[in-house]
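Student: Questions regarding the structure given below will be posed in turn.
We did not get these values from a lab; they are worked out from the coordinates using the rules stated. Since we're looking at a predicted model, the values are computed, not measured. Note: ideal-geometry Cβ built from the backbone for every residue, glycine included; neighbour counts use all protein chains shown.
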Amino acid sequence: MLFVKAMIKGYAQDSIRFLIAQACLETGYGTSTSFTERKNGFGMGCPRVRTTTAIGCDTLADGGLGQAIFKTYPKSIEDRFLWDEYFGINIKNGETYGSQVLEAGYHSNSSYSDTVASISRAYFNNTRIALGVTIPLEVTALGYLIYSTVKSKT
């Protein structure tokens, strides 16, 4: 779902890999409270100024900083795209996408981008998009994320 939505929006291949790896990290591979209870696929905070698809805010989450609550996971994907738009992130430049996200203040930990990149390498083995090769790998990563969430609820 994330892969297809990002492709339609015009995200570069490496930008999409960053987003998928970021979702894996921020949701604990689909096991975090942020994901299971708030449908928050990216650990998004509570927007105060920008346009959002969030339906509420859990003000006690994330050490009191708050986390956005979404009706569905796809709505959190849309919100992540809105975040990029608000901060003027160049989604078409996959080589600098991660650093742009950090410079815009997405996460304060300086090693965040490296952590996301290591997850991306583990899942995608630094391959470039070749429709028959990379899409199945990305679908597998997303499939695992969804499967682990569904399985934990049954």
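Student: Run the numbers for TYR86 and THR115: contour at 0.36 nm per residue of separation, minus the present Cα-Cα distance, in nm.
Tutor: Taking 0.36 nm per residue and subtracting the Cα distance, the gain is 8.0 nm.
Student: Please report ARG38, ARG121 as a ranked list, fewest other C-beta atoms within 10 angstrom at the top and most at the bottom.
Tutor: ARG121, ARG38
Student: Something else: Could you tell me the calculated FRET efficiency between VAL49 and TYR29, based on Cβ-Cβ distance and R0 = 35 angstrom, to the nearest 0.05?
Tutor: The computed FRET efficiency comes out at 0.70.
Student: To make sure I understand, if each residue's beta carbon is the centre and we count other beta carbons within 10 Å, what order do ASP58, ASP114 fall in, fewest to most?
Tutor: ASP114, ASP58
Student: Can you run phi through the Karplus equation (6.51, -1.76, 1.60; θ = phi - 60°) for region 23-32 and list ³J(HN,Hα) in whole Hz, with x for Gly and Pro?
Tutor: Per residue, the Karplus-derived 3J(HN,Hα) values read 4, 4, 5, 5, 9, x, 6, x, 10, 6 Hz.
Student: Could you run the Karplus curve 6.51 cos²θ - 1.76 cosθ + 1.60 with θ = phi - 60° over region 65-77 and give me ³J(HN,Hα) per residue in whole Hz, x for Gly and Pro?
Tutor: 6, x, 9, 5, 10, 10, 5, 9, 4, x, 5, 6, 5
Student: In what sequence, highest mean first, do 45-54, 75-84 appear when ranked by Cβ atoms within 10 angstrom?
Tutor: On the way: 45-54: 14.6, 75-84: 20.5.
Ranking, from highest mean packing down: 75-84, 45-54.
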